[in-house]
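The values are calculated or read from the model by the stated rules, or taken from the named source; none is laboratory data. Predicted model only: the values in this text are computed from it and were never measured. Cβ placement follows ideal geometry from the backbone for every residue including glycine, while neighbour counts extend to all protein chains displayed.
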Amino acid sequence: MNPAGWAVMIVSVSSVLALVTYCVVKVLSLPPVEMEDLHGPLDIDTRDTKDAD
Amino acid sequence: MPEGRSTERWGSRIGVILAVAGSAVGLGNFLRFPGQAAQNGGGAFMLPYFISLLVLGIPLCWAEWTMGRYGGLRGFNSAPGIYATIWRNPISKYFGSIALLLPLVIYMYYVLIEAWCLGYAVNYLTGDLMIGSGGTVDTLIETAHAEAAKTGTSLTDAEAASAGFGQFFGNFVGANQDGFALGGKNAPWLLVLAATFVFNFILIYRGVNKGIEMFCRFAMPAMAVLAIIVLIRVLTLGTPDPARPELSVVNGLGYMWNPDAKALWNPQTWLAASGQIFFSLSVGFGIIINYASYLREKDDVVLSGLTSSSMNEFFEVCLGGLITLPAAFIFVLGTLSPEAREGIVQSGFSLGFKALPHVFANMWGGQLFGFLWFFMLFIAAITSSVSMLQPVIAFFEEGFGLKRHSAAALLGLISALGTGFVLYFSKDLIALDTFDFWVGTFLIFVLAMFQALLYGWALGIKRGEEAAHQGAHIRIPRFVQYMLKYVVPVYLIAIFVAFCWQNLPDRMEQIANDSVAVASMLFILTVLAFLLLLIHIAGRRWKAEGRLDEGGPRP
């Protein structure tokens, strides 16, 4: 392998590694989606309130 | 909630990213990419490759993610419905037939290739693919020597081994005669195929969250671990034969990465690089648009799209680019003439199922590493194939109000017919090749061009930018929107014209001369007509329910 080959390989592999690391770290450091969707007691349909009155 | 309206949602942010990345990562990352690079300038190929990724691949991914979520929020998960919400024209939904045909027909033959990978992995466990184990390959190598002796010639051990592994593959897939699978002695292979087929349907039956997402959360890390184990083994091969110092892992890396700057002036290099990016990221398959439709209003599509694309690149450049050709060079390619080498490299099947088994047979610990490699390919294939079923299931559910078990049963019947067709017409793999060219290549270009125009001109870049940035954690630079409207369609059309110019004359000649190719085309057209009819019926149903009205119902 010649020096140009080493250079292309190292630049290509490290660029992709940098991009995937940035993306994965960013995604994993966000608050989980589930936290945004927790329902309070009033949101929960217990299916027994239709004829409550 | 109206009948047919899906309540399915992804369970987590990383789950959908892994599912989309799993859909994109397949055999092409490990077998097609290294071959394309080596044939088109080696390291020089990477310049057009990365330019295509930035100009074509990632923008198109973002467009598909955005349109999918846009349609999903308006109550549609299948391409016909999503297209109809974006382009309010009665004909728009019929373009969705291509987005259903593509994954359905690709699944029909892809599940076979997937089963080959599992079958090869099993053959490593039994030792049948190892030289000196007294298994099938040994018998085939002896036969090759004997055949050569009959004609008064002799083969070197390497030549006989190549012939033996080639014959093993031919026998395994039935490339020597049509209908080989119906023979009684192929029962174990049919069992492997049936198990693969059923496993896909078990995953799809369990749904987006409990089936696809659950499997990809386990399979993607497992695939990375297996590939890294094989990578470490390949990079520590050194110079296995001290008498042949040129056959070393460093020279193998050089075969893949040494740049030939002259290749940059060859349009073929740019065409190959664009094509590789395009197929690798699974844009224009009708899958991303379906997966993204299960996202919620607050979910991010920009960072998710970029992350899944970058994961695909990791498997392709960092693993596929460092494993396949260096290993093949040391034991097989390095011993061949440049012409013979090119013949193997340009075919993913030859490289993957003939050359690499030869490599593992010569490598210390080859039985274990051969098993790990083919099992890894099997996982890569299954995360892709399962994604091909979901778009059609979604259409059956929302188009006809079918429950999931009915939709899965109907899809299972249709896809089994197609897989049976490809399995029966196995001679020279003509049926598989015809399906792959006309659907798995030609129609992908057509659908990607349609979707690029749909985003840039029907949805419009202003609405598209707003839709993309709902819930987004990073921003798409403004110029990308203009690229999507003006540059990407022109770029795609240019690639498509060059592709047709290169390939269509030979393909038309094949159809004129080969009855299996004609039958395959008729099969594809029949499925297309069936899907068009179903879309017509579903469209009338949606219209009657008011789901296609301007500003139609939201979930």
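Can you say whether B:E246 is modelled with pLDDT of 90 or more and either within 14 Å of chain A (Cβ to nearest Cβ) or more than 17 Å from the chain's Cα centre (by Cα) (or both), as far as the supplied structure shows?
On the way: modelled with pLDDT of 90 or more: no; either within 14 Å of chain A (Cβ to nearest Cβ) or more than 17 Å from the chain's Cα centre (by Cα) (or both): yes.
Considered against the rule, which asks whether it is modelled with pLDDT of 90 or more and either within 14 Å of chain A (Cβ to nearest Cβ) or more than 17 Å from the chain's Cα centre (by Cα) (or both), B:E246 comes out as no.
Which numbered condition trips up B:L303, out of (1) within 14 Å of chain A (Cβ to nearest Cβ); (2) surrounded by 23 or more Cβ atoms within 10 Å (Cβ to Cβ)?
Of (1) within 14 Å of chain A (Cβ to nearest Cβ); (2) surrounded by 23 or more Cβ atoms within 10 Å (Cβ to Cβ), only one is false for B:L303: (2).
Could you identify the single residue in B:G320, B:G305, B:G284 that is within 26 Å of A:M1 (Cβ to Cβ), within 25 Å of the chain's Cα centre (by Cα) and not hydroxyl-bearing (S, T, Y)? Don't jump to the end; show me each part of the working.
On the way: B:G305 fails: within 26 Å of A:M1 (Cβ to Cβ); B:G284 fails: within 26 Å of A:M1 (Cβ to Cβ).
Going through B:G320, B:G305, B:G284 in turn, just one is within 26 Å of A:M1 (Cβ to Cβ), within 25 Å of the chain's Cα centre (by Cα) and not hydroxyl-bearing (S, T, Y): B:G320.
Please verify whether B:L453 is in a loop (DSSP other than H, G, I, E, B) and not β-branched (V, I, T), treating the condition exactly as stated.
On the way: in a loop (DSSP other than H, G, I, E, B): no; not β-branched (V, I, T): yes.
When the stated conditions are applied, B:L453 does not pass them.
Kindly check whether there is at least one residue in region B:285-294 that is surrounded by fewer than 24 Cβ atoms within 10 Å (Cβ to Cβ), more than 10 Å from chain A (Cβ to nearest Cβ) and over 19 Å from B:I58 (Cβ atoms).
Residues of region B:285-294 that are surrounded by fewer than 24 Cβ atoms within 10 Å (Cβ to Cβ), as a first pass: none.
No; the residues of region B:285-294 include none that is surrounded by fewer than 24 Cβ atoms within 10 Å (Cβ to Cβ), more than 10 Å from chain A (Cβ to nearest Cβ) and over 19 Å from B:I58 (Cβ atoms).
Conditions (1) basic (K, R); (2) more than 14 Å from chain A (Cβ to nearest Cβ), marked per residue:
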| residue | (1), (2) |
| --- | --- |
| B:P188 | no, yes |
| B:L193 | no, yes |
| B:K210 | yes, yes |
| B:F215 | no, yes |
| B:A222 | no, yes |
| B:I229 | no, yes |
| B:N251 | no, no |
| B:K262 | yes, no |
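Yes/no matrix, rows are residues, columns are (1) basic (K, R); (2) more than 29 Å from the chain's Cα centre (by Cα); (3) within 27 Å of B:G334 (Cβ to Cβ):
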site	(1), (2), (3)
B:I98	no, no, no
B:Y120	no, no, yes
B:D128	no, no, yes
B:I131	no, yes, yes
B:V137	no, no, yes
B:K185	yes, yes, no
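Given (1) away from chain A (no Cβ under 13 Å); (2) over 16 Å from the mean Cα position of the chain (by Cα); (3) among the polar types (S, T, N, Q), where does B:S274 come up short, assuming only one miss?
(2)
Quick check on region B:532-552: of everything there that is closer than 21 Å to B:P391 by Cα and hydrophobic (A, V, I, L, M, F, W, C), which residue is modelled with the lowest pLDDT?
Applying the filter and picking the extreme gives B:L548.
With A:A18, A:A4 as the choices, which residue is loosely packed, with under 15 Cβ neighbours inside 10 Å, within 30 Å of B:L325 (Cα to Cα), within 14 Å of another protein chain (Cβ to nearest Cβ) and modelled with pLDDT of 55 or more?
Values: A:A4 fails: loosely packed, with under 15 Cβ neighbours inside 10 Å.
A:A18 is the lone residue from the list that is loosely packed, with under 15 Cβ neighbours inside 10 Å, within 30 Å of B:L325 (Cα to Cα), within 14 Å of another protein chain (Cβ to nearest Cβ) and modelled with pLDDT of 55 or more.
Tell me whether region B:126-140 contains one or more residues that are within 14 Å of chain A (Cβ to nearest Cβ), at pLDDT 90 or above and part of a helix (DSSP H, G or I).
The answer is no; no qualifying residue exists.
Across region B:503-512, which residue is surrounded by the most Cβ atoms within 10 Å (Cβ to Cβ) among those that are in contact (Cβ under 8 Å) with a residue 60 or more places away in the chain and within 22 Å of the chain's Cα centre (by Cα)?
Step by step, filter region B:503-512, then rank; the result is B:R507.
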